[in-house]
Amino acid sequence: MSELRSVNEISYTVRRSSRARRVRVNVHAHAGVEVVLPTRAPERAAAAAVRELRPWIERRLGEAHEALARVAARAGTLPFLDDSLALVPQRGRTRVHRDGPRLLVPEHEPRPAIERFYRRAARVEIAPRLDRATAIARTPYRDLSIRAQRTRWASCSANGSMSFNWRLLLAPSRVLDYVVWHEVCHLQVLDHSPRYWALLERRWPDYREDREWLRLNGATLVL
């Protein structure tokens, strides 16, 4: 377990990664500030990074606290694309069922069953969007998987395998559509070069607005 450190009144943890090529600072709404160090980087590099990025870190922590407040405010409901579903606990129920604007859930410890419901629904919602977008772009994909990535909303491999985070169903439908197009464009351009962004803008002109929505609200996409 990472030891909690502090500099300039900012608490943070340090994680070393053999894959890291430089010092990286992450701000998570639920886990706080994390500094990722390359294996051979000196320990003092973490504190130096926190000092240097303090204004940015404080801004991101403020956004994170606002996101957590929005999650707390929706007690008893969950977003589902453009809808809000009221959670209705039922004794003896083991499988989540949607009944119009209601989500019928197990009475005790419903979170695992709710996640399974969203995972199933994610495939139903994403597959036709992906099929439609790839047909328009004339770039077929290999397969589709639904996952629970910690730091990614979706990914596209070099062989055309597509992966999407089920938590996207907690976002507005236009944001899900944006992420689908983001990955479909990667079937043509794998990197994030100017050529890629120009292609995405042609396919999804409002991508900047939806990308910013994810940046500001991604932490709220939790059960």
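Quick notes
- Relative contact order %, the chain, counting alpha carbon pairs below 8 Å whose residues are six or more apart: 14
- Label point 7 Å beyond Cα of R111 along Cβ direction - residues of segment 6-34 with amide nitrogen under 17 Å: 29-32
- Helices that extend 27 Å or more along their long axis by alpha-carbon positions and average at least -1.0 on the Kyte-Doolittle scale are, among the DSSP H runs of the chain, 54-73, 111-137.
- Within the full protein context, the accessible area of E107 is estimated at about 80 Å² for a probe radius of 1.4 Å.
- Viscosity 0.890 mPa s, 25 °C: Kirkwood-radius Stokes-Einstein D of segment 80-124 over Cα pairs, µm²/s: 231
- Fraction of antiparallel bridges per DSSP, the chain only, in percent to nearest 5: 55
- For segment 54-201, the Cα gyration tensor yields ellipsoid semi-axes of 31, 22, 13 Å (square root of five times each eigenvalue, largest first, whole Å).
- Ranked from largest to smallest solvent-accessible area, with a 1.4 Å probe on the protein heavy atoms, T39, T151, T220, T77 come out as T151, T39, T77, T220.
- Percent antiparallel among DSSP beta bridges (both partners in segment 108-223, rounded to 5): 40
- The residues H97, H65, H182, sorted by heavy-atom accessible surface at 1.4 Å with ligands and nucleic acids left out, run H65, H97, H182 from largest to smallest.
- Counting only protein chain heavy atoms and rolling a 1.4 Å probe, the accessible areas of S161, S11 rank, largest first, as S11, S161.
- For R16 and L216, a Förster radius of 30 Å and the Cβ-Cβ distance give a FRET efficiency of 0.50, rounded to the nearest 0.05.
- Carbon + sulfur, % of accessible area of the chain - ligands and nucleic acids excluded, 1.4 Å: 50
- When segment 2-64 is reduced to its Cα atoms, the Kirkwood hydrodynamic radius in Å: 11.7
- Rough spin-label spacing in nm, given labels placed 7 Å along Cα→Cβ, for A127 and E43: 5.2
- Taking every alpha-carbon pair within segment 133-176, the share separated by more than 13 Å comes to 60 percent.
- Once the gyration tensor of the Cα atoms in segment 44-139 is diagonalised, the equivalent ellipsoid follows with semi-axes of 35, 25, 13 Å, ordered largest first.
- Efficiency of FRET from Cβ geometry, S84 and A31, R₀ 45 Å, rounded to 0.05: 0.95
- Volume per residue of the convex hull around the Cα atoms, evaluated for segment 58-108, comes out as 95 Å³.
- The mean of 1/r over all pairs of different alpha-carbon atoms in segment 41-80, once inverted, gives a Kirkwood hydrodynamic radius of 12.5 Å.
- Heavy atoms of L53 accessible to a 1.4 Å probe, total area in Å² rounded to 10: 60
- Given 13 as the ceiling on other Cβ atoms within 10 Å, longest exposed-site-free region of the chain for trypsin sites (Lys or Arg not before Pro) in DSSP loops: 153-223
- Relative to the current alpha-carbon distance between S145 and H97, full extension at 0.36 nm per residue lengthens the span by 15.1 nm.
- Accessible surface calculations at 1.4 Å, restricted to protein heavy atoms, place the chain at 58 Å² per residue.
- Computed magnitude of the charge dipole of segment 1-158 (debye, nearest 20; Cβ of K, R +1, Cβ of D, E -1): 660
The values are calculated or read from the model by the stated rules, or taken from the named source; none is laboratory data. Quick caveat, the model's predicted, so the values are computed rather than measured. Ideal geometry is used to build each Cβ from the backbone, glycine not excepted, and the neighbour counts take in all protein chains shown. Just so you know, the surface numbers come from the protein's heavy atoms only, side chains and all, with ligands and any DNA or RNA stripped out. Shrake-Rupley method; radii C 1.70, N 1.55, O 1.52, S 1.80 Å.
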